[in-house]
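To keep things clear, I will list the structure first and then write my remarks on it.
The values are calculated or read from the model by the stated rules, or taken from the named source; none is laboratory data. This structure is a prediction, so every number in the text was calculated from the model and none was measured. We place every Cβ from the backbone using ideal geometry, glycine too, and count neighbours over all the protein chains shown. All accessible areas refer to the heavy atoms of the entire protein, side chains included, with ligands and DNA or RNA removed. Shrake-Rupley method; radii C 1.70, N 1.55, O 1.52, S 1.80 Å.
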Amino acid sequence: MARISLAYCPVTVDDVDAAIPFYRDGLGLDILNDVSYDGHRWVSFGFAEQPGVMIVVSDPSAGRSAEDGEALERLVVKGSGPGPYVFSTDDLDATFEWLRASGAEVLQEPITQSWGARDCAFRDPAGNHLRINQR
């Protein structure tokens, strides 16, 4: 069987400009590409340690019909969009404190879950649910 790999994960936000500091400064991702077209914007982020894997942030109507964009926007603005998006880190406590200090909305402080994972949770500026696991 041919090998496949994840290339990118789309994250829908209501305000791309407001999302950039969270993903760049808070999570420490590098901006790899910033494309505007037809009134929409797609910003690709990545990690130096994971070349070829990106998160692409865009508004709800980017690449979608107006009807689908409106439906997705209603979900995103109330925090019910796709997700959670799950990240992992070598130092959960330091990552948690860094994100909290950056002003990210805390959903859950670091705890050990009943299934064994130790994690915490945040919302990005658009309300998307992000979880961060200890490696």
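Kindly indicate whether Ile20 is touching a Cys at 6+ places or on another chain (Cβ under 7 Å), open to solvent by less than 40 Å² (accessible area, probe 1.4 Å) and closer than 18 Å to Tyr85 by Cα. Show your work before the answer.
Working: touching a Cys at 6+ places or on another chain (Cβ under 7 Å): no; open to solvent by less than 40 Å² (accessible area, probe 1.4 Å): yes; closer than 18 Å to Tyr85 by Cα: yes.
Considered against the rule, which asks whether it is touching a Cys at 6+ places or on another chain (Cβ under 7 Å), open to solvent by less than 40 Å² (accessible area, probe 1.4 Å) and closer than 18 Å to Tyr85 by Cα, Ile20 comes out as no.
Could you check Gln108 against (1) in contact (Cβ under 8 Å) with a residue 24 or more places away in the chain; (2) touching a Cys at 6+ places or on another chain (Cβ under 8 Å) and say which number it fails?
Here Gln108 meets the rest and fails (1).
Evaluate region 93-106: report whether one residue or more is at pLDDT 95 or above, of a type outside the set (Gly, Ala, Ser) and assigned to a strand (DSSP E or B).
Yes, the conditions are met somewhere in region 93-106.
Please indicate, with yes or no, whether at least one residue in region 35-44 is under 15 Å from the mean Cα position of the chain (by Cα) and among the small types (Gly, Ala, Ser). First the steps, then the outcome.
Of region 35-44, the ones under 15 Å from the mean Cα position of the chain (by Cα) are 42-44.
Within this subset, residues satisfying the condition of being among the small types (Gly, Ala, Ser) are 44.
Checking region 35-44: at least one residue is under 15 Å from the mean Cα position of the chain (by Cα) and among the small types (Gly, Ala, Ser).
Here's a check for you: in region 23-63, which residue that is open to solvent by 80 Å² or more (accessible area, probe 1.4 Å) and of a type in the set (Ser, Thr, Tyr) is farthest from Ala101 (Cα to Cα)?
Residue satisfying both the conditions and the ranking: Tyr37.
Considering each residue of region 64-100, count those that are touching a helix residue (DSSP H, G or I) at 6+ places or on another chain (Cβ under 9 Å) and either closer than 27 Å to Ser36 by Cβ or open to solvent by 30 Å² or more (accessible area, probe 1.4 Å) (or both), and give that number. Working first, answer last.
Of region 64-100, the ones touching a helix residue (DSSP H, G or I) at 6+ places or on another chain (Cβ under 9 Å) are 64, 80-82, 87, 89, 98-99.
In the following step, the residues that additionally are either closer than 27 Å to Ser36 by Cβ or open to solvent by 30 Å² or more (accessible area, probe 1.4 Å) (or both) were identified as 64, 80-82, 87, 98.
Residues that pass the stated criteria total 6.
I'm told Asp124 meets every condition in (1) open to solvent by less than 30 Å² (accessible area, probe 1.4 Å); (2) over 20 Å from Pro10 (Cβ atoms); (3) of a type in the set (Asp, Glu) except one. Can you identify the failing condition by its number?
Unmet condition: (2).
Yes or no: region 78-90 includes at least one residue that is touching a Gly at 6+ places or on another chain (Cβ under 9 Å), at negative phi and among the β-branched types (Val, Ile, Thr). Break it down into steps so the answer makes sense when it comes.
Step one: list which residues in region 78-90 are touching a Gly at 6+ places or on another chain (Cβ under 9 Å), which gives 78-81.
Subset that is at negative phi: 78, 80-81.
Remaining after also requiring among the β-branched types (Val, Ile, Thr): none.
No.
Quick one: what pairs do we get from region 76-100, first residue within 17 Å of Val16 (Cα to Cα), second modelled with pLDDT under 95 and among the β-branched types (Val, Ile, Thr), C-beta under 6 Å, 6+ apart or different chains?
Short answer, once both residue conditions are applied: Val76/Thr12; Gly81/Thr12.
Restricting attention to region 11-40, and to residues there that are touching a strand residue (DSSP E or B) at 6+ places or on another chain (Cβ under 6 Å) and in contact (Cβ under 8 Å) with a residue 60 or more places away in the chain, which single residue is nearest to Pro125 (Cα to Cα)?
Per the stated criteria, the residue is Ala19.
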